[in-house]
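*Asks:* Mind having a look at this structure? Questions to follow.
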């Protein structure tokens, strides 16, 4: 099955890979040709060497950031879904929660992280995870709340004709109808969670994680190592995005059928 | 007339409406008299169509029967009970113009849905779904997902779902409105044979005159603003209707009769939204 997929999509794989390789080669050649200083732009080969030599450090930092992003993402998804369900059940709550959620999410991360670090201390990962959760919560809350309201009216009328209870309507109509909205939200929120985790590490807290390492490596005299950390950050973001996409394919297969080119 | 009354007192009417009215936004400037003073008795086993131009209140009347909305005046009994009680008892099945299938459930699971709500156990549900699939001739598609079916097949699943609990009454709101002409005629014939097999009473909203005449024992003609019944036409094409029926002289006579009733009712209004096909 995988082989068949690869064969059918050969062109879709070959072209981007070739493009990426050309980009890296061009970069290497350009830096050497113009003799650009490493602190401005190191060559891909030197970045690779650094990455190879310090792989254990990079892996450890990526795990810290990845865990923060993942825990924050999960908490944000759960909180966002619960909030959206409550808001759907009680109209008043919707009017109360929406502005609060919007207000909280518009506080700059720079400020919020500093405040959270003061509240929870600089020796643990709680402030970063909370920060990620807040960002994710807003995206999920807004989307799922909307998805719950946009149920198919025919389906809702049918449920009424079956004398279904409010809970049955929620479980059998509103939640499945909101699933495509939830997965759209997760696709947006997953890379956002990773970025938020990195950015949170810039502004205090424990001295670990990819964000912290990037800033110290660039500020210190090891630009190639800094770029190796950046590359790891890119990979981490991509992994989150890819997994979110895969989840959508598995969880809401009917959504794919609605997409038109 | 008295003969009819004596025979009907023995069985409970499927629908009994007396002076039923529905006013939306009462008292405001946007007040709409959707249905006014409707009195209608539909006997059990009958096939009755509601026909009329857009805005004549035929869908509103159907929704009143289904207790999806409540009347503002009059009394309404379904299966001899208040409409609300009939809904709570799941005395009727319903089908709409949109099949309204649940995309995340396969065909069988869609048909099982009303039974699930009733709390049937899974073996019983499965058996009934199989029986219903057989009835609508979709046994080969039990495991298919809704998006894999054509419009006509989706509508057949919707009908199977509406009838899954064997309700005595079937309420249909332009169920074939979105289908092409060929599929539509085919579905009409199928619906008749399904109803004959299950002896279900049907109230059928349509804006197609031939459809109403072909399917019905009686055609109820309605007019808009305010929505009211202007005439009730007995069709009487007999119990056996097939493709020859569509060619028969009586068929055309009845079509003309319904059309004239609609025109007569439409004094001052253009007969909008009525199809002659």
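*Asks:* Please return the ranges of helices (runs of 4 or more DSSP H) entirely within segment A:142-261 where 1 or more residues are within 14 Å of chain B (Cβ to nearest Cβ) and either touching a strand residue (DSSP E or B) at 6+ places or on another chain (Cβ under 9 Å) or at pLDDT 85 or above (or both).
*Replies:* A:153-161, A:166-169, A:175-202, A:223-251
*Asks:* Of all residues in segment B:247-277, which are at pLDDT below 85 and touching a helix residue (DSSP H, G or I) at 6+ places or on another chain (Cβ under 9 Å)?
*Replies:* Scanning segment B:247-277 gives B:271, B:274, B:275, B:276, B:277.
*Asks:* Still on this structure, I have one more. Considering (1) within 25 Å of residue B:196 (Cβ to Cβ); (2) within 13 Å of chain A (Cβ to nearest Cβ), say which one residue B:70 fails and leave the rest.
*Replies:* Every condition holds for residue B:70 apart from (1).
*Asks:* Can you tell me which residues in segment B:132-160 are touching a residue at least 60 places away in the same chain (Cβ under 8 Å) and away from chain A (no Cβ under 14 Å)?
*Replies:* Matches in segment B:132-160: B:135 only.
*Asks:* Next question, about the same structure. Using beta carbons and a limit of 8 Å, which pairs, at least six apart or on different chains, have the first residue in segment A:233-261 and within 25 Å of residue A:212 (Cβ to Cβ) and the second one modelled with pLDDT under 90?
*Replies:* A:233/A:198; A:233/A:210; A:233/A:211; A:233/A:214; A:236/A:210
*Asks:* If you don't mind, there's one more thing I want to ask. Restricting to segment B:93-114, give me the number of residues that are closer than 14 Å to residue B:68 by Cβ, facing another protein chain (nearest Cβ under 7 Å) and touching a strand residue (DSSP E or B) at 6+ places or on another chain (Cβ under 9 Å).
*Replies:* Going through segment B:93-114 one residue at a time, the tally reaches 2.
*Asks:* Related question: Here's a check for you: in segment A:114-141, which residue that is free of Cβ contacts under 8 Å to residues at least 40 places away in the same chain and on the phi < 0 side of the Ramachandran plot is nearest to the other protein chains (Cβ to nearest Cβ)? Talk me through it step by step, then tell me what you get.
*Replies:* First, the residues of segment A:114-141 that are free of Cβ contacts under 8 Å to residues at least 40 places away in the same chain: A:115-116, A:118-121, A:126.
Restricting the remaining residues to those that are on the phi < 0 side of the Ramachandran plot gives A:115-116, A:118-120, A:126.
Working: A:115: 42, A:116: 38, A:118: 46, A:119: 42, A:120: 40, A:126: 37 Å.
The residue in question is A:126.
*Asks:* Another one. Might you check whether a residue that is in contact with a helix residue (DSSP H, G or I) (Cβ under 7 Å, 6 or more places away or on another chain) and either surrounded by fewer than 18 Cβ atoms within 10 Å (Cβ to Cβ) or under 20 Å from residue B:80 (Cα atoms) (or both) occurs anywhere in segment B:48-60? Steps first, please.
*Replies:* Applying the first criterion (in contact with a helix residue (DSSP H, G or I) (Cβ under 7 Å, 6 or more places away or on another chain)) to segment B:48-60 yields B:49-52.
Among the residues that remain, those that are also either surrounded by fewer than 18 Cβ atoms within 10 Å (Cβ to Cβ) or under 20 Å from residue B:80 (Cα atoms) (or both) are: none.
No, segment B:48-60 contains no residue that is in contact with a helix residue (DSSP H, G or I) (Cβ under 7 Å, 6 or more places away or on another chain) and either surrounded by fewer than 18 Cβ atoms within 10 Å (Cβ to Cβ) or under 20 Å from residue B:80 (Cα atoms) (or both).
*Asks:* Among the strands (runs of 3 or more DSSP E) contained in segment B:2-100, which hold 3 or more residues that are under 26 Å from residue B:215 (Cβ atoms), modelled with pLDDT of 90 or more and within 15 Å of the chain's Cα centre (by Cα)?
*Replies:* Strands (runs of 3 or more DSSP E) meeting the threshold: B:32-42, B:47-51, B:92-95.
*Asks:* Identify the single condition in (1) surrounded by 15 or more Cβ atoms within 10 Å (Cβ to Cβ); (2) under 22 Å from residue B:230 (Cβ atoms); (3) more than 10 Å from chain A (Cβ to nearest Cβ) that residue B:78 does not satisfy, given that it satisfies every other one.
*Replies:* (2)
The values are calculated or read from the model by the stated rules, or taken from the named source; none is laboratory data. Quantities reported herein were computed from a predicted structural model and do not represent experimental measurements. Note that we place each Cβ from the backbone using ideal geometry, even for glycine, and neighbour counts take in every protein chain shown.
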